[in-house]
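Structure, as structure tokens:
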Amino acid sequence: FPSRNLICEVITRHLTLLEMASPATHGTITPAANFNAEAEAEKLRKAMKGLGTDEAAIIRVLTSCSNEQRQQIKLQFKTMYGKDLISDLKSELGGNLENAVLALMETPLAFDASELRAAMKGAGTDEGVLIEILCTRSSDQIRELKKVYHTQLKRDLEKDIMSETGGHFKRLLVSLLQANRDDSGVVDKDLAVKDARDLYDAGVGQWGTDESVFNKVFVSRNFGQLRATFYEYREVSERVYETVVCRQLWLMWHRLSFSLLVMTLSRLLIKRCRVI
């Protein structure tokens with residue numbers, strides 16, 4: 001496994017790139033120009049027909065168009081051939097490639113719903129997946145996610161969260177599920193200074209941790225405001241906020257098996273490649 005210092009360096013550089021990048025450069029998969037669903041469906045059929053499978057062709061087709069366009073291809077494929085594209089992909093592919101391709105074929109909300117359910121199904125709970133999804137979605141996305149989760153899985157997301165988590169962590173996730181985060185994008189520097197001081201006083205600055213302060217700030221502030229707060233945290237604490245995060249990530253990294261690490265990387269790449 002990588003050293004703790006290397007992980008911290010990677011995270012710090014990644015955060016720096018996010019600061020520099022414009023919103024238009026965040027995604028790597030964008031809508032294809034001159035898109036033709038029929039032509040793309042034909043390419044997929046040819047790649048899976050007969051002996052052997054042209055995996056490169058499948059990858060090329062599905063990573064050269066947006067998720068919305070992939071949904072059009074799926075519909076066109078069934079219209080033209082009377083066969084389900086997902087079923088054909090499952091029969092022709094295997095391993096991590098199959099998992100990645102099937103994930104690309106899901107709508108973003110359906111993908112989130114299935115990942116959340118997988119994280120809570122069976123023995124144990126993958127808390128990292130719950131944090132990764134619920135802490136990074138807008139209020140509108142969370143409201144829609146709850147609907148899709150119920151429609152797709154016939155389950156209530158909040159009830160599942162409450163049964164599979166506990167303590168302050170459960171309170172944080174339940175708060176996030178209320179979809180009441182400020183999504184205005186307005187950044188208040190004075191509020192950032194106050195929140196940074198409150199976070200310091202509730203954590204590093206005292207014996208023990210007052211989780212309710214973290215809950216209030218992390219759940220209610222918009223992402224721009226949180227970024228400003230983390231910047232101000234540097235001013236009130238000798239610890240850079242990313243260093244605190246790195247320490248926790250380093251501990252988590254050593255608990256991950258290789259298969260879980262591959263799944264995590266796959267999920268992150270699939271989600272981030274379509275953020276435009």
task = Would you check if there is a residue in the range 105-116 being at pLDDT 90 or above and open to solvent by 70 Å² or more (accessible area, probe 1.4 Å)?
result = no
inquiry  = surrounded by 12 or more Cβ atoms within 10 Å (Cβ to Cβ), at pLDDT below 85 and either part of a loop (DSSP other than H, G, I, E, B) or of a type in the set (A, V, I, L, M, F, W, C) (or both): is that true of residue 244 in this structure?
reply    = yes
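Going by what's in this entry, would residue 17 be described as modelled with pLDDT under 90 and either small (Gly, Ala, Ser) or open to solvent by 60 Å² or more (accessible area, probe 1.4 Å) (or both)?
Judged against the criteria, residue 17 is a match.
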query = Out of (1) assigned to a helix (DSSP H, G or I); (2) open to solvent by 60 Å² or more (accessible area, probe 1.4 Å), the odd one out for residue 187 is which?
reply = (1)
message = Condition (residue is at positive phi and surrounded by fewer than 20 Cβ atoms within 10 Å (Cβ to Cβ)) applied to the range 117-127: is it met by at least one residue?
response = yes
remark   = Over the range 59-86, the set of residues open to solvent by 70 Å² or more (accessible area, probe 1.4 Å) and not hydrophobic (A, V, I, L, M, F, W, C) is 60, 68, 72, 78, 79, 81, 83
ask   = Taking the range 48-96, which residues are in a helix (DSSP H, G or I) and of a type in the set (Lys, Arg)?
value = 60, 70, 74, 78, 90
message = List the helices (runs of 4 or more DSSP H) inside the range 112-170, counting only whole elements, that have at least 1 residues being out of contact with any Pro (no Cβ under 7 Å at 6 or more places or on another chain) and over 22 Å from residue 215 (Cα atoms).
response = 139-153
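Only one of these is at pLDDT below 95 and at negative phi: 134, 153. Name it. Walk me through it before giving the result.
Details: 153 fails: at pLDDT below 95.
The match here is 134.
The values are calculated or read from the model by the stated rules, or taken from the named source; none is laboratory data. All figures in this text were calculated on a predicted structure; none of them were measured in a lab. Don't worry about glycine lacking a Cβ; one is built from the backbone with ideal geometry, like all the others, and counts go over all protein chains shown. Side chains are part of the model used for accessible areas, which takes the heavy atoms of the whole protein and leaves out ligands, DNA and RNA. Shrake-Rupley method; radii C 1.70, N 1.55, O 1.52, S 1.80 Å.
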